[in-house]
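K.L.:
What follows is a structure written as structure tokens; I'll ask about it next.
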Amino acid sequence: MKIEVNIPKTMSTQHPDNVNVPEWCKAPVIDGNAEVFEAYYAYETLGCQEVMWDSEGKDVDTRVLRKLMDKHWKFFENHLVGRDEFLTYRIPNPKIEAIEKKVVTETLQNIPMAYDAATSFYKKDVTPIFEVILPFTTDDKEPIWLYNYYKNAIVHDEEAQLDENTKAKEWVGSTNPKSINVIPLVEDFKSIYNVDNIIKPYIKIVKPKHMRVFIARSDPALNYGLICAALLSKIGLYKLKKLEKQENVAIHPILGVGSKPFRGHLSPPNVEHFLREYKGVSTVTVQSAARYDYPLEQVQELVKTLNSRLPNGEPDPILPEEEKILDNILDKCKKQYECVAEVLAPLVNCLSPYVPQRRARKLHIGLFGYSRSVAGVSLPRAIPFAAALYSIGVPPEFIGAKALEDLTDIEFSTLIKTYVNLKHNYNSVSGYVSWENVNMLMEMHPRVAKRANMDVDNLRLALTRILADLKTVEEKMDIKLGPRTLEHRKHENYTNNFLINYLEGEETEARASLIEAAKIRRCLG
């Protein structure tokens with residue numbers, strides 16, 4: 001179903017995956033007023049049509065719209081927020097972020113304030129902010145709760161009786177908009193797989209003319225590995241298209257992706273492969289590494305391409321018999337990834353603090369920390385997790401790849417048919433594998449285990465499994481792993497230096513080597 005509505009194609013986000021600090025930022029961490037300017041920069045210079053203003057896991061300036069219009073009035077005078085440019089809040093999920101529950105109220109209360117500010121600025125009624133992203137949506141009731149909470153707790157306050165003759169709206173003004181659009185963000189295995197069932201009750205009760213649904217691509221990679229993350233995204237996109245036709249409501253999927261294959265592979269050099277892989281997408285995230293770790297002209301061209309090419313058709317259909325095969329693939333790949341990640345976790349947790357902070361984020365325990373299947377093992381967020389592994393010459397894309405050996409012929413052929421860029425994605429990071437580092441880790445595993453405060457046998461087991469993953473990719477996918485170019489060799493030199501400095505406790509030198517390696521591959525993680 002097609003509804004004439006302006007859906008933004010490119011969403012600038014605040015994910016801290018960039019290694020380079022933009023020249024307009026005077027500090028290594030982008031926060032405060034720098035993030036306000038960043039929103040303007042995303043609109044005006046890069047051409048992004050939407051900015052996600054994120055209050056999940058970080059302090060955020062809820063007066064962003066007023067500051068944007070005050071400081072950059074000339075641009076916004078000719079670009080109406082809510083029609084030409086979009087600002088979309090992401091709130092904490094009260095079910096997950098217990099300490100941040102009241103941030104939901106604070107953020108929602110700011111939506112009417114933004115309405116008043118924009119109406120004053122444009123001298124006509126303008127609704128600049130009308131959509132809210134609900135992260136970690138796992139229940140079909142949660143989007144309905146958020147929709148009703150805004151109507152009943154925020155808007156309904158205007159009817160409060162202040163005395164026998166006066167209502168709140170007569171004193172502080174009416175509250176607008178009267179309702180919001182909820183964007184559920186699905187991030188875990190079960191929720192992405194069953195995304196249609198999660199949003200169907202919202203569609204039936206709220207009866208929206210159109211709906212945006214956000215599928216995470218980054219956290220699923222952290223929790224289940226590269227192959228599972230890619231397949232889940234494609235299954236989710238196909239199920240949303242089926243639901244759109246069944247319910248006769250336009251559904252506009254958003255895909256949250258980073259710049260390297262592990263987290264989605266949306267970067268200036270890879271845009272054509274990306275568009276071929278993820279069909280049926282209306283909006284994509286253009287994260288910090290894609291914006292700041294490539295030349296400006298390439299970034300502008302990337303955004304221009306996405307703005308003109310999205311939405312990119314319909315998802316490839318998944319036949320019922322193929323879905324059963326994909327279920328088997330997901331099960332095998334998920335188990336293999338978890339068995340490596342579980343024993344590798346202490347080393348990754350010890351390495352991740354070397355990754356530089358690029359945003360003022362609060363402590364966040366990833367979904368992996370709650371996963372029963374890995375016995376409560378906790379890991380850092382996806383970006384430092386990936387950065388830690390790239391920095392020792394073991395790209396996270398290869399973790400769990402030994403599962404390819406366990407696939408039947410029909411399963412393997414279905415995987416290649418469905419995940420069309422699998423070999424391309426493996427190949428694009430194959431040069432970042434450092435056999436020298438892998439051998440060093442194996443030979444010095446007692447010292448590495450002591451440094452990481454982990455069990456020696458567990459580390460040896462983890463390294464043995466990683467070795468099997470790497471060899472499986474070489475044999476099954478016919479890809480030679482290891483440096484092939486001078487740039488790859490420079491990257492390996494820095495990862496060698498990082499590992500040596502880490503083992504010797506040379507903190508400053510280790511951090512410097514990690515950053516130099518990240519600059520070569522154009523992202524932290």
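K.L.:
To check you understand DSSP bridge types, tell me what percent of the beta bridges within the chain (both residues inside) are antiparallel, rounded to 5.
P.N.:
Antiparallel bridges: around 5 percent, rounded to the nearest 5.
K.L.:
Around TYR89, which amide H atoms from residues at least 5 apart in sequence, or from another chain, sit under 5 Å from its own amide H, with H modelled in the peptide plane?
P.N.:
Correct list: TRP53, GLU131, ILE133.
K.L.:
Related question: Using the alpha-carbon atoms, what tilt in degrees (0 to 90, nearest 10) does helix 101-122 show relative to the longest principal axis of the chain?
P.N.:
So the helix axis and the longest Cα principal axis differ by about 60 degrees.
K.L.:
For segment 65-137, which trypsin sites (Lys or Arg not before Pro) pass both filters: DSSP loop (anything but H, G, I, E, B) and at most 10 other C-beta atoms within 10 Å?
P.N.:
Taking segment 65-137 and a limit of 10 other Cβ atoms within 10 Å, the loop trypsin sites (Lys or Arg not before Pro) found are LYS123, LYS124.
K.L.:
Under 5 Å between amide H atoms, partner at least 5 residues away or on a different chain: which partners does LEU266 have, H built in plane at 1.01 Å?
P.N.:
For LEU266, whose amide H was placed from the backbone, the distant partners under 5 Å are GLY258, SER259, LYS260.
K.L.:
Just the accessible area per residue of the chain, please: how many Å² with a 1.4 Å probe?
P.N.:
41 Å²
K.L.:
Leaving out ligands, DNA and RNA, what percent of the accessible area of segment 1-47 is carbon and sulfur, probe 1.4 Å?
P.N.:
The C+S portion of the solvent-accessible surface of segment 1-47 is 50 percent.
K.L.:
In terms of modelled amide H atoms, which long-range or inter-chain residues lie less than 5 Å from the amide H of HIS15?
P.N.:
Those lying under 5 Å, H to H, from HIS15 are SER288.
K.L.:
Let me ask another. Compute for segment 394-525: radius of gyration divided by Kirkwood radius, i.e. Rg/Rh, restricted to C-alpha atoms, rounded to two decimals.
P.N.:
Result: Rg/Rh = 1.01.
K.L.:
Provide the per-residue ³J(HN,Hα) series for segment 138-154, in order, calculated from phi with Karplus coefficients 6.51, -1.76, 1.60 and θ = phi - 60°, each as a whole number of Hz, with x at glycine and proline positions.
P.N.:
10, 10, 5, 7, 4, x, 5, 4, 5, 4, 6, 4, 5, 5, 8, 9, 8
K.L.:
Okay, moving on. What does the net charge come to around LEU467 if you take all other residues with beta carbon closer than 14 Å to its beta carbon, with K and R at +1 and D and E at -1?
P.N.:
-2
K.L.:
Please list log₁₀ I(q)/I(0) at q = 0.08, 0.10, 0.11 Å⁻¹ for the chain, using the Debye equation with identical point scatterers on the alpha-carbon positions.
P.N.:
So the normalised log intensities work out to -0.51, -0.79, -0.95.
K.L.:
Compute the long axis of helix 486-503 from its Cα atoms, compare it with the longest principal axis of the Cα atoms of the chain, and write down the angle in degrees, 0 to 90, nearest 10.
P.N.:
90 degrees
K.L.:
What span do the alpha-carbon atoms of segment 198-337 cover on each of the three principal axes, reported in whole Å from largest to smallest?
P.N.:
Over segment 198-337, Cα extents along the principal axes are 44, 41, 22 Å.
K.L.:
For segment 215-328, with all protein chains present and a 1.4 Å probe, just round the carbon and sulfur fraction of the accessible area to a whole percent.
P.N.:
50 percent
K.L.:
Would you calculate the separation in nanometres between label points at MET477 and ARG447, each defined as 7 Å from the Cα along the Cα-to-beta-carbon direction?
P.N.:
In this crude label model, MET477 to ARG447 measures out at 3.1 nm.
K.L.:
Shifting gears a bit: Do the sum for the chain: with -39,500 (n - 2.57) for every DSSP H run of n ≥ 4, divided by all residues, what is the mean residue ellipticity at 222 nm, to the nearest 500 deg cm²/dmol?
P.N.:
Theoretical 222 nm ellipticity from helices: -15500 deg cm²/dmol.
K.L.:
In addition: Going from the alpha-carbon gyration tensor of segment 1-43, what semi-axes, largest first and in whole Å, does one get by taking the root of 5 times each eigenvalue?
P.N.:
With the √(5λ) rule applied to segment 1-43, the semi-axes are 29, 11, 8 Å.
K.L.:
How much FRET efficiency would the formula 1/(1 + (r/R0)^6) give for GLU106 and GLU164, where r is the Cβ-Cβ distance and R0 is 41 Å, rounded to 0.05?
P.N.:
About 0.85, to the nearest 0.05.
K.L.:
Per the 1.4 Å probe, what fraction of the accessible area of segment 55-191, in percent, lies on carbon and sulfur atoms?
P.N.:
On segment 55-191, the fraction of accessible area on carbon and sulfur atoms equals 50 percent.
The values are calculated or read from the model by the stated rules, or taken from the named source; none is laboratory data. The structure displayed is predicted, hence computed values, not measured ones. In this analysis, Cβ positions are derived from the backbone assuming ideal geometry, glycine residues included, and neighbour counts consider all displayed protein chains. Quick note on the areas: whole protein, heavy atoms, side chains included, nothing else; ligands and nucleic acids left out. Shrake-Rupley method; radii C 1.70, N 1.55, O 1.52, S 1.80 Å.
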